[in-house]
1. I need every pair where a residue in the range 48-74 that is under 18 Å from VAL31 (Cβ atoms) and of a type in the set (A, V, I, L, M, F, W, C) has its Cβ under 6 Å from the Cβ of a residue that is at pLDDT 95 or above and surrounded by fewer than 16 Cβ atoms within 10 Å (Cβ to Cβ), sequence separation at least 6 or different chains.
2. Can you report the number of residues in the range 122-144 which are more than 18 Å from VAL252 (Cα to Cα) and without any contact (Cβ under 8 Å) to a residue 24 or more places away in the chain?
3. Of the residues ASP123, ASP104, ASP130, ASP98, which is out of contact with any Asp or Glu (no Cβ under 6 Å at 6 or more places or on another chain) and closer than 30 Å to MET1 by Cα?
4. Only one of (1) touching a helix residue (DSSP H, G or I) at 6+ places or on another chain (Cβ under 9 Å); (2) surrounded by fewer than 19 Cβ atoms within 10 Å (Cβ to Cβ) is not met by THR177, so which one is it?
5. Among the residues of the range 93-126, which ones are at pLDDT below 95 and either among the β-branched types (Val, Ile, Thr) or within 18 Å of the chain's Cα centre (by Cα) (or both)?
6. If the requirement is being in a loop (DSSP other than H, G, I, E, B), under 30 Å from TRP64 (Cα atoms) and touching a residue at least 12 places away in the same chain (Cβ under 8 Å), which of these qualifies: VAL181, VAL149?
7. Would you point out the residue of the range 145-170, among those that are at pLDDT 85 or above and under 15 Å from VAL252 (Cα atoms), that is surrounded by the fewest Cβ atoms within 10 Å (Cβ to Cβ)?
Amino acid sequence: MTPDTAPTTIKRIYVGATWQEVTSGCSGTAVFRISKKDGVVYYLKIVKNSLNQEMLAEKERLEWLRGRLPVPTVLACITNDTDTYLLLSEIKGLMAQDERFSEDIPTVIRTLAESLRRVHQVDTANCPFDAILSHKIFLAQQRAYDGLVDVANFDEPRKKGHIEALLKRLLETQPQTEDLVFTHGDYCLPNILINPLDMTLSGFIDVGRAGIADLYQDLALAVRSIERNFGPKWGLLFLQAYGLQTVDRAKVKFYQLLDEFF
C-alpha cells in the first residue's frame, strides 16, 4: 500500500509529487506525507477494507467538524476492491510533544488546556456521533471477545494483566454518571498541532473517535500523554489550567483503562 497504488482519481491530485511514509500504526493504517513542487502538502491514509471502519469514521467526523474546529479538509475518499484511501489537506504546525517546545512547557500546557476547552464547547445539539459510556463499554467487550485488543501495547501498570481480569475491572469501576460534551476521543499530544511561532493551536488530527462522551474521556488521555512526554507534575497542572477545581481520580484511571481496549 503506497500512494503509487491509489486510484487514478486521487493520484491526479498529487501527480508529480514526492512522498514519504510517516507511520504505519497498530490499526494497520499506513500514512504518507505527499509534497508537491509548489509547496502544497497532503496526507494520504491507506488501510485494508477489512480494517477501514475507523478511517471512514474519521472522514465523517472531519466533514461534520468543518467550520466548528480547525481540522484537515477531506479532499478524497475512495474504496476499491481491497483498500480504502483517504486524502487530507495539511494543517501546518508541530505535534505538541515536539522537542522544540521543551523550553516552554508551561505555554504548551496552557495551549493544550485552552484547546481542549474549545473542543468541549462544540455544540452537541445536532451531533450524530455517540461515544457515551454504554456504547464504548459494549465495543470494548466486543473487541476483547474478538481478540482485537493489543495486549502487548498496554500501559506499564497493566502489561502483566490478563484481558479477562482487566475487562472485569472495567465493568466494576465504570462511573455511574457522565458529564457529556463533544470530545476529541484521542486527545494525545501527537494529535494536537501547535504553531511554533506563537505557541497557539494550529489544529486537531486523528478525530476518528470523536463524539459525545464524558469530558474525562479527553482529560484522562491528555494527562497520560502529558506525563509521558513532560513528566509527572505536568498532568495536574494541565487539569488546573483546564479549569477543574477538583479532580475525579477514579474517572481518570477508568478512562485510561478503557482506552487499553481500543
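The values are calculated or read from the model by the stated rules, or taken from the named source; none is laboratory data. Quantities reported herein were computed from a predicted structural model and do not represent experimental measurements. Here the Cβ is made from the backbone with ideal geometry for all residues, glycine too, and neighbour counts use every protein chain on show.
1. VAL74/GLU63
2. Let us first name the residues in the range 122-144 that are more than 18 Å from VAL252 (Cα to Cα), namely 122-130, 135, 138-139, 141-144.
If we keep only those that are without any contact (Cβ under 8 Å) to a residue 24 or more places away in the chain too, we end up with 125-126, 135, 138, 142.
The total comes to 5.
3. Numbers: ASP123 fails: closer than 30 Å to MET1 by Cα; ASP104 fails: closer than 30 Å to MET1 by Cα; ASP130 fails: closer than 30 Å to MET1 by Cα.
After ruling out the rest, the residue left standing is ASP98.
4. (1)
5. Matches in the range 93-126: none.
6. Values: VAL181 fails: in a loop (DSSP other than H, G, I, E, B).
None of the others qualify; the one that does is VAL149.
7. ARG169
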